[in-house]
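> This structure is in structure tokens; I'll ask about it shortly.
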Amino acid sequence: MRIALLGLGSVGRGIARTILAKNLDITVTGLADSRSGIIDAGGIDLLAALARKEAGGPCGSPGVSPADVVAKADYDVLVEVTPTNVKTAEPALGHMRTALRRGKHVVTSNKGPIALAYPELRALAEANGVFLKYEATVCGAIPLIHGITEGLAGNTISRLSGVFNGTCNYILTRMAAEGLTYEQALAEARELGYAEADPTYDVEGIDAGVKLVILANTVLDMHATLDDVERTGITLLTPDALELAEDQDCTIRLIGEIIPGAGVLRVSPRIIPKAHPLVVEGTLNAVTVEADLAGDLTFIGKGAGSIETASAVIGDLLYIRERHVQGS
Ligand code: HSE
């Protein structure tokens, strides 16, 4: 299977390292970061590209743009893992359109295009007989989209609630356990590669809200935008508020919730008893799905992180290879 990989940040590097470490028989024939690119039908030396990146340089040649890679490289799947832009979804959206029109499958961790343009991208994928897969956009390593669309096919979901942002959960955990200030905990989350390129997306609840929109529109048959999400972030939470919750054997978590029947989408900090299944630590995410046939199910797993998010992307790639890509 040949892929073009757009983005060599935390997620892209996790994918490259996993391809190298697990001998997955995936050849990267196009690679680009925001400053440079490489096209090589014979297969790009990922180890060398990672080394250049880690030395602070560009991954490839400044004369090759991401658009060149998408339009000209010879690949089966475009893997788009550049930072999310929730306002226009660009430049990722344009790159995905180009790839789909060329008859290439698309796998992405980029929330912008899926939240803003899913119906259009889905129609384009169907018209061209290819897959559009986006498991990594919601809850990192947790196979929530596959879990709902395949494992819970036939169920009606009445409510979905949980912790959708690893960065906020990490910050709240560190503030409660170590007494760190909000700023110190956020600096750690950024350092460890959990936060979005623009961390206001995390702490203002935008990232969690976008994930709710993706779930609403792609697996719950709703038609929502980010403006439909009632949203409060964690920027105003103080260590005192967390201590007060602790005194009642509770803690605070940023909870996202969808009630399809009532058209409700909301994200807000909530005081929750410590023994509640949604009280998870660090970058873990936890989502309870209330389904009519299956009953309540709670999915727990790493919601952010380089290798953890790569796990979801690799899962989508191998799903496509199993079903579609010939001769690989
Ligand atoms: N910044 C996101 C988070 C990454 O912290 O959850 C995964 O979407």
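> Could you tell me whether region 204-215 includes any residue that is within 30 Å of GLY154 (Cα to Cα), assigned by TED's automatic domain parsing to the domain that holds HIS276 and acidic (Asp, Glu)?
Yes: region 204-215 contains one or more residues that are within 30 Å of GLY154 (Cα to Cα), assigned by TED's automatic domain parsing to the domain that holds HIS276 and acidic (Asp, Glu).
> Taking TYR75 as the residue in question, decide whether it is aromatic (Phe, Trp, Tyr) and surrounded by 23 or more Cβ atoms within 10 Å (Cβ to Cβ).
yes
> Please report, ordered by residue number, the helices (runs of 4 or more DSSP H) entirely within region 194-281 with at least 3 residues that are more than 16 Å from the ligand (Cβ to nearest atom) and modelled with pLDDT under 95.
The helices (runs of 4 or more DSSP H) meeting that bar are 239-247.
> Looking for something at pLDDT below 95, surrounded by fewer than 17 Cβ atoms within 10 Å (Cβ to Cβ) and part of a helix (DSSP H, G or I) - is there at least one such residue anywhere in region 54-64?
Looking through region 54-64, at least one residue is at pLDDT below 95, surrounded by fewer than 17 Cβ atoms within 10 Å (Cβ to Cβ) and part of a helix (DSSP H, G or I).
> Determine the pairs where a residue that is more than 21 Å from ARG2 (Cα to Cα) and in contact (Cβ under 8 Å) with a residue 40 or more places away in the chain, located within region 32-61, has a partner that is crowded, with 20+ Cβ neighbours inside 10 Å and of a type in the set (A, V, I, L, M) with Cβ atoms under 6 Å apart, the partner being 6 or more residues away or on another chain.
LYS53/LEU8
> Among the residues of region 236-260, which ones are among the polar types (S, T, N, Q) and surrounded by 13 or more Cβ atoms within 10 Å (Cβ to Cβ)?
Passing the criteria: only THR251.
> With respect to ALA89, determine if the residue is part of a helix (DSSP H, G or I), of a type outside the set (Phe, Trp, Tyr) and under 18 Å from ASP198 (Cβ atoms).
no
> Does any residue of region 175-184 turn out to be in a helix (DSSP H, G or I), within 16 Å of the ligand (Cβ to nearest atom) and at pLDDT below 95?
Checked region 175-184: at least one residue is in a helix (DSSP H, G or I), within 16 Å of the ligand (Cβ to nearest atom) and at pLDDT below 95.
> Let me ask another. In this structure, does LEU172 turn out to be without any contact (Cβ under 8 Å) to a residue 40 or more places away in the chain and within 16 Å of the ligand (Cβ to nearest atom)?
no
> For residues that are under 10 Å from the mean Cα position of the chain (by Cα) and assigned to a helix (DSSP H, G or I), scanning just region 113-136, find the one that is farthest from LYS302 (Cα to Cα).
Among those residues, the one meeting the criterion is GLU135.
> Let me ask something else about it. Would you mention how many residues in region 142-165 are part of a strand (DSSP E or B), of a type in the set (Val, Ile, Thr) and away from the ligand (no atom under 16 Å from the Cβ)? Show your work before the answer.
Let us first name the residues in region 142-165 that are part of a strand (DSSP E or B), namely 157-163.
Then drop every residue that is not of a type in the set (Val, Ile, Thr), which leaves 157, 163.
Among the residues that remain, those that are also away from the ligand (no atom under 16 Å from the Cβ) are: 157.
Count: 1.
> Could you tell me which of the residues ALA67, ALA73, ALA89, ALA115 is of a type outside the set (Lys, Arg) and on the phi > 0 side of the Ramachandran plot?
From the options ALA67, ALA73, ALA89, ALA115, the qualifying one is ALA89.
> Here's something else I'd like to know. Of CYS139, CYS168, which residue is assigned to a loop (DSSP other than H, G, I, E, B) and buried (at least 24 other Cβ atoms within 10 Å of the Cβ)?
Testing whether each residue is assigned to a loop (DSSP other than H, G, I, E, B) and buried (at least 24 other Cβ atoms within 10 Å of the Cβ) leaves just CYS139.
> With the structure loaded, tell me whether LEU284 is modelled with pLDDT under 95, in the same structural domain as ILE171 (by TED's automatic domain parsing) and in contact with a strand residue (DSSP E or B) (Cβ under 7 Å, 6 or more places away or on another chain) or whether it fails that test.
Taking the combined requirement at face value, the residue does not satisfy it.
> Further, regarding this structure: Just to verify a result, which residue in region 69-107, among those that are without any contact (Cβ under 8 Å) to a residue 60 or more places away in the chain and of a type in the set (Val, Ile, Thr), is nearest to ALA16 (Cα to Cα)?
Taking the candidates together, the pick is VAL106.
> Please go through region 282-315 and give me each residue that is within 18 Å of LEU152 (Cβ to Cβ), more than 15 Å from the ligand (Cβ to nearest atom) and crowded, with 21+ Cβ neighbours inside 10 Å, ordered by number.
Scanning region 282-315 gives a single hit, VAL289.
> Within region 117-141, can you find the residues that are within 16 Å of the ligand (Cβ to nearest atom) and in contact with a Leu (Cβ under 7 Å, 6 or more places away or on another chain)? Talk me through it step by step, then tell me what you get.
Kept after step one, since they are within 16 Å of the ligand (Cβ to nearest atom), are these residues of region 117-141: 133-141.
If the condition is that a residue be within 16 Å of the ligand (Cβ to nearest atom) and in contact with a Leu (Cβ under 7 Å, 6 or more places away or on another chain), then VAL138 is the only one that fits.
> Here is a further query. Of the residues LEU31, LEU8, which is part of a strand (DSSP E or B) and either under 24 Å from ASP198 (Cα atoms) or within 16 Å of the ligand (Cβ to nearest atom) (or both)?
Result: LEU31 is the single residue among LEU31, LEU8 that is part of a strand (DSSP E or B) and either under 24 Å from ASP198 (Cα atoms) or within 16 Å of the ligand (Cβ to nearest atom) (or both).
The values are calculated or read from the model by the stated rules, or taken from the named source; none is laboratory data. Computed from a prediction, not measured in an experiment: that's the story for all the values here. Every residue, glycine among them, receives a Cβ derived from its backbone with ideal geometry; neighbour counts consider all protein chains shown.
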